[in-house]
1. Residue by residue through region 389-401, what is 3J(HN,Hα) from phi via Karplus (6.51 cos²θ - 1.76 cosθ + 1.60, θ = phi - 60°)? Round to whole Hz and write x for glycine and proline.
2. Please state the charge dipole magnitude for region 218-366, taken about the Cα centre, from unit charges on C-beta atoms (+1 on K and R, -1 on D and E), reported in debye and rounded to the nearest 20.
3. Which angle from 0 to 90°, rounded to the nearest 10, does the C-alpha axis of helix 3-16 make with the longest principal axis of the chain?
4. Please give the per residue accessible area of the chain, computed with a probe of 1.4 Å over protein heavy atoms only, in Å².
5. Give the shape of region 324-364 as rounded, prolate or oblate, defined through the alpha-carbon gyration tensor: a ≥ b ≥ c are the square roots of its eigenvalues, a/c under 1.5 means rounded, and otherwise the shape is prolate if a/b is larger than b/c and oblate if not.
6. Run the helix sum for the chain: -39,500 (n - 2.57) per DSSP H stretch of 4+ residues, divided by residue count, reported at 222 nm to the nearest 500 deg cm²/dmol.
7. From largest accessible area down, sort C340, C261; use a 1.4 Å probe on the protein chains.
8. Placing +1 on the Cβ of each Lys and Arg and -1 on the Cβ of each Asp and Glu in the chain, which of S86, Y354, N379 has its Cα farthest towards the positive end of the resulting dipole?
Amino acid sequence: MDYESQFNQALSLVKREGRYRVFADIVRRRGAFPEAVHHTTQGQRPITVWCSNDYLGMGQSAVVLEAMHAAIDEAGAGSGGTRNISGTTHYHVELERELADLHGKEAALLFTSGYIANDAALATLGNILPGCIFFSDALNHASMIEGMRHSKAKRQVWRHNDLAHLEELLSAADPLAAKVIAFESVYSMDGDMAPIGAICALAKRFGAMTYLDEVHAVGLYGPRGAGVAERDGVMRQVDVINGTLAKAFGVMGGYIAASSCFIDVVRSFAPGFIFTTSIPPVLAAGALASVRHLKSSQSERTLHQERAAALKVLLREAGLPVMPSTSHIVPILVGDPVGCKEVCDYLLREHAIYVQPINYPTVPRGTERLRLTPSPFHNDDKMKALIVALDDAWSQLNIKRAA
């Protein structure tokens with residue numbers, strides 16, 4: 001077997017399809033978000049980042065940075081082990097308590113990422129519940145799909161946000177079988193939201209558990225930043241909530257919040273939790289400071305929503321193909337992987353604007369897009385510069401404008 005030849009063939013296929021991923025080598029400038037420095041073989045160049053998941057810029061917040069400096073001075077760099085073997089520091093314990101309180105749940109459990117949290121929790125659910133059937137929204141994140149697959153439980157996919165189809169599948173299922181409805185609050189590539197209350201009502205009617213991924217909503221919605229379920233007043237109706245510390249909270253890590261019993265089950269049975277080193281205390285400290293700040297501060301959320309709404313208006317006025325979105329996510333349709341990358345390359349080369357192309361398998365073929373994430377720090381001047389750059393790119397590259 002010529003192993004290298006096989007590897008090259010696989011890569012060649014991805015390149016021919018125009019969806020080969022190229023990483024941008026950047027360094028964010030502390031205190032100047034969303035500005036960064038782009039490193040290339042030709043040298044360094046200042047750029048503006050328009051695709052960061054640090055939605056509120058909390059990764060640059062003095063509140064967060066001060067907490068992290070203090071933690072590293074007190075506890076050092078790493079955690080020293082898994083949670084079971086010396087890796088549970090007081091920072092972890094405090095953060096889990098804070099997250100449980102944020103979501104009005106009995107307990108919470110930290111993971112190294114939201115991806116791992118979804119994978120571990122859903123796999124454990126499917127393994128523990130006899131004859132479990134997952135009912136999965138068609139646009140669920142890859143981490144949720146992987147978790148359900150790893151459980152070996154049966155999985156039925158319902159059309160995105162189609163409650164009639166979900167009800168049809170639930171009605172046809174064995175009434176005695178364990179059922180878990182898995183869905184997201186904000187779908188990160190389209191920017192639409194789930195009807196959480198209505199889904200919870202169906203779950204109650206058919207005796208199903210609900211598993212809600214709020215990773216693109218925590219910190220951003222609700223009076224205390226607990227997410228869309230909090231905003232809609234239905235948070236207590238959701239059984240398990242998954243969140244991340246790497247987006248609106250600006251640090252790194254993931255978590256689940258649920259009943260004490262379920263959290264203990266995942267803690268006791270999930271390999272993805274048991275056999276991995278815990279997040280460093282410095283990250284837990286930064287996340288703790290961010291969560292606490294956003295529980296009481298509304299200014300970041302208010303300005304964030306205003307900036308997203310303003311950008312959508314500007315894009316529509318410019319005749320650019322902004323896709324429908326009810327959230328802070330602002331997708332612009334390109335519809336072709338090669339064209340999508342060409343636009344992004346052009347923006348970076350000619351206008352020092354960094355946007356990453358979103359291609360298959362992240363989105364379906366034919367719906368390739370730019371995904372803009374305006375923050376409270378993307379001011380009017382930055383928005384005007386973006387519109388000029390996009391208009392130039394669409395004209396120079398002959399990209400279709402109709403959404």
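1. Each residue of region 389-401 in turn: 5, 5, 4, 5, 4, 4, 6, 5, 9, 6, 7, 4, 9 Hz.
2. 300 debye
3. Roughly 60 degrees between the two axes.
4. Ligands and nucleic acids excluded, the figure is 44 Å² per residue.
5. Here region 324-364 falls in the oblate category.
6. When only DSSP H runs of four or more count, the value is -13500 deg cm²/dmol.
7. Ranked list, largest accessible area first: C261, C340.
8. So the residue furthest toward the plus end is Y354.
The values are calculated or read from the model by the stated rules, or taken from the named source; none is laboratory data. As the structure is a prediction and not an experimental result, all values here were calculated from the model. Every residue, glycine as well, gets a Cβ built from its backbone with ideal geometry; the counts of neighbours run over all protein chains shown. Surface accessibility is based on the protein's heavy atoms, side chains included, excluding ligands, DNA and RNA. Shrake-Rupley method; radii C 1.70, N 1.55, O 1.52, S 1.80 Å.
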